[in-house]
Amino acid sequence: MLVVCNAVLSWSQGNFTGNIESTFQYLNDDPVINALQPPTKGLINSYMNVFYTNGGFKAGMRMESYLPRIQGYPNRFDGTGIGYRYLGYVNDKVDVTLGHFYEQFGTGLAFRAYEDRALGYDNVVDGARIIFKPVSGFQIKGVYGKQRLTFNGGQVINSAGIIRALDADFNLKEVCQKRLASFPVDVAVGASFVSKYQPDDDDALVLPENVGAYGGRMKLQYKNFTLDGEYILKEQDPSLDNGKIYNKGHAAVVNFGYSKKGLGFSLSAKSADNMSYRSDRNKELQDAFINFLPALNKTHTYNLVATLYPYATQPLGEIAYQADFIYTVKKGSAWGGKYGTTIGINASTTYRPVQHTSGIDVNDSSRVTYEARLFDKSDSLYWRDINFSITRKLNKSLLLVLSYFNITINNDVAKVSNDATGIISSHIGVVEASYKINAKHNIRMELQGMFVNKLSNGNINDKGNWATALIEYTVAPNYFVSFLNQYNYGNPDTDKRVNYPNVTCGYIHESTRVMLSYGRQRAGLFCVGGVCRFVPANNGLTLSFTQSF
Amino acid sequence: MKRLLPLVFIFFHFHFLGQQAFSDTTSGKKVPSVSLKDLNGKTYNTSNLGFSGPVVISFWATWCAPCKKELMAIHEVYEAWQAETGMNLVAVSIDDEKTKRDVITYANGKAWDYTVLLDPNGDFKRSMGVNNVPHTFLLDKHGNIVYTHNNYAPGDEDILFSEIKKLSIE
């Protein structure tokens with residue numbers, strides 16, 4: 001008996017962490033913005049994570065519940081049950097996990113398992129993982145498992161394929177500390193090999209049942225300069241995405257940066273072709289991805305910029321470039337003022353890659369339909385974003401931010417709207433001012449205007465112009481209230497010149513947050529009262545509760 | 001009665017358990033061990049960050065405006081805070097690969113003196129129970145979490161500083 005008691009006691013001496021999140025919605029019909037009241041009227045998502053560590057032992061789980069799921073979530077999510085659980089052991093050399101785990105190799109071009117709850121995205125792997133660190137600066141990871149596809153009837157449903165993967169990471173200076181102490185360049189290299197198995201389920205074609213993706217990465221750092229890149233090659237992977245062609249695929253990213261105190265600059269390039277890599281070849285959209293192919297552009301935070309024309313990667317192929325510059329003018333100088341001024345400039349473009357077909361018979365039995373080359377772009381534009389901002393603190397209380405964005409998106413390829421034709425080009429201006437009334441009280445406002453270029457025939461493209469106003473009042477550390485209105489004043493259909501008002505208030509105590517909002521909301525990344533998250537479109541009441549422990 | 005004794009023991013053990021683990025949501029809790037890299041590629045173990053004084057861990061992202069405001073506000077007073085209390089701030093970026101490359105540009109462009117760690121797959125974020133950013137934790141010199149706050153409004157930094165000062169008095 002005492003043995004049991006002492007076991008319980010030693011258990012109690014471990015470390016518990018975790019969190020709770022619950023979001024409830026009561027939604028109304030709103031035909032003007034095509035919002036429908038769900039049959040249940042109320043919707044609720046709830047999650048609780050608990051993680052336990054004691055010495056080298058670790059365990060964790062997540063309960064999740066959709067009764068039913070809130071708006072914007074995949075409609076097959078339902079029920080209450082365990083969505084994530086693992087046991088493991090970790091010491092200086094070895095880290096073993098059995099059950100569910102999240103993982104990323106390099107930049108994720110070959111393998112990334114992660115959760116983005118705001119989007120309802122979770123491709124966690126269920127299986128076994130070992131991380132082995134024989135010496136400091138050198139590490140090998142081995143992974144074996146199946147991926148989460150959905151959560152149905154309170155249970156995780158895995159996708160069809162099995163994933164096997166190996167990764168090695170080597171930091172030269174950390175491994176050879178003594179010999180290379182004075183060597184001025186930091187060198188880190190890595191290599192990944194990922195393989196998936198899925199039985200051939202096609203009557204007409206002989207599909208490869210094992211499909212590999214492999215490649216290497218490198219990072220060099222010399223004083224203030226960094227240069228890093230990764231290249232991944234994928235073997236023949238006929239799938240629903242690529243029309244069951246037998247082309248190989250590739251993805252490459254290169255990034256060059258220079259930064260010193262007060263100045264940062266980076267240039268990035270990406271080339272990808274036929275790189276959709278899933279643990280089930282018959283899936284599409286965001287399902288069962290093994291790898292991660294992020295778009296190469298800035299993630300904007302202002303409502304109109306972030307939510308109306310966001311760009312997502314085209315996994316079938318794209319060539320992209322980005323430049324980012326930030327400079328802080330010193331305090332006390334003529335330009336810097338008493339508190340310093342920051343200037344940011346950012347530009348990104350994305351193009352369709354060239355598909356060479358000369359010498360290739362599209363109809364032959366090889367089913368290789370074109371040839372793709374690294375960084376071989378066409379003139380067909382998918383995306384362009386040029387933006388700059390100036391942040392200046394005028395005095396102890398007043399902060400001003402001025403921003404301009406020029407965003408061009410090819411709606412025929414990266415579809416963001418059913419009302420738009422071809423390329424949407426828009427200019428957005430934002431003025432933000434924040435005024436600190438006293439030690440705890442602060443008022444902040446944003447004015448945003450979006451101006452969409454007309455089509456060559458003189459017609460208004462997409463939904464036309466928009467304006468947004470936001471006022472937010474905060475009382476540190478416990479309260480906030482904000483009012484936001486988006487107005488689609490330039491819609492070509494006068495009946496659709498609609499306001500999207502929304503009022504939000506919240507209470508925060510340490511790591512507990514309660515937030516209540518009412519009104520219309522457009523989908524997108526939404527920041528209120530100090531926190532950013534993705535919120536789908538709706539009309540009604542949203543009550544959310546989060547707690548960390 | 002003899003038969004009851006073990007039960008009494010169990011009761012007291014559980015009572016003790018309740019007091020130990022659940023009496024307070026923060027005090028006595030430690031930071032879980034996760035391997036993260038800084039902007040130079042150097043590996044840190046989060047359970048032993050290597051500072052002698054109080055440590056503030058601030059979760060942020062380049063796309064999170066309030067997070068950046070919080071770190072900017074502390075940046076202005078950071079030297080004074082450090083001189084007075086011996087504290088250090090560790091800014092943990094949860095930027096994923098899409099925006100991770102902007103972290104070094106931004107942190108240096110803003111002339112921050114913080115230790116900036118990268119958590120691109122959210123391993124540390126998850127193990128610390130962070131729901132959304134900004135989320136700030138204050139650790140005493142023994143590594144115990146003594147204060148947390150999940151938000152930023154101008155003025156929050158003053159409250160954080162008064163919590164740090166309480167530690168240096170102890």
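The values are calculated or read from the model by the stated rules, or taken from the named source; none is laboratory data. The structure displayed is predicted, hence computed values, not measured ones. Methodologically, a virtual Cβ is constructed for each residue, glycine included, from the backbone with ideal geometry; neighbour enumeration extends over all protein chains shown.
Residue check: residue A:482 meets all listed conditions (1) in the same structural domain as residue A:23 (by TED's automatic domain parsing); (2) at pLDDT below 95 but one, namely (2).
Small (Gly, Ala, Ser), under 22 Å from residue A:255 (Cα atoms) and away from chain A (no Cβ under 11 Å) - does that describe any residue in the stretch B:92-99? Don't jump to the end; show me each part of the working.
Here is the first cut: in the stretch B:92-99, the ones small (Gly, Ala, Ser) are B:93.
Of the ones still in play, those that are also under 22 Å from residue A:255 (Cα atoms) are B:93.
Restricting the remaining residues to those that are away from chain A (no Cβ under 11 Å) gives B:93.
Within the stretch B:92-99, one or more residues are small (Gly, Ala, Ser), under 22 Å from residue A:255 (Cα atoms) and away from chain A (no Cβ under 11 Å).
Quick one: which of A:276, A:271, A:259 is surrounded by 18 or more Cβ atoms within 10 Å (Cβ to Cβ) and in a loop (DSSP other than H, G, I, E, B)?
Exactly one of A:276, A:271, A:259 is surrounded by 18 or more Cβ atoms within 10 Å (Cβ to Cβ) and in a loop (DSSP other than H, G, I, E, B), namely A:276.
Scanning the stretch A:220-240 for residues that are surrounded by 20 or more Cβ atoms within 10 Å (Cβ to Cβ) and under 23 Å from the mean Cα position of the chain (by Cα) yields A:228, A:230, A:232, A:234. Count of the stretch A:100-110 residues, restricted to those that are over 19 Å from residue B:101 (Cβ atoms) and either more than 10 Å from chain B (Cβ to nearest Cβ) or not in a loop (DSSP other than H, G, I, E, B) (or both), is 3.
Would you point out which residue out of A:263, A:220 is of a type in the set (A, V, I, L, M, F, W, C) and closer than 29 Å to residue A:384 by Cβ? It would help to see each step written out before you state the result.
On the way: A:220 fails: closer than 29 Å to residue A:384 by Cβ.
Every option except A:263 fails the conditions.
Screening residue A:298 against (1) more than 10 Å from every other protein chain (Cβ to nearest Cβ); (2) surrounded by fewer than 23 Cβ atoms within 10 Å (Cβ to Cβ) leaves a single unmet condition, (1). Among the candidates A:358, A:389, A:366, the residue that is modelled with pLDDT of 90 or more and either touching a strand residue (DSSP E or B) at 6+ places or on another chain (Cβ under 9 Å) or polar (S, T, N, Q) (or both) is uniquely A:389. No other residue among A:416, A:430, A:401 is in a strand (DSSP E or B) and over 15 Å from residue A:341 (Cα atoms) apart from A:430.
Scanning the stretch A:342-390 for residues that are among the aliphatic types (A, V, I, L, M) and not in a strand (DSSP E or B), we see that the one that is surrounded by the fewest Cβ atoms within 10 Å (Cβ to Cβ) is A:362. The set of residues in the stretch B:41-61 that are within 12 Å of another protein chain (Cβ to nearest Cβ), surrounded by fewer than 23 Cβ atoms within 10 Å (Cβ to Cβ) and in a loop (DSSP other than H, G, I, E, B) comprises B:41, B:42, B:46, B:47.
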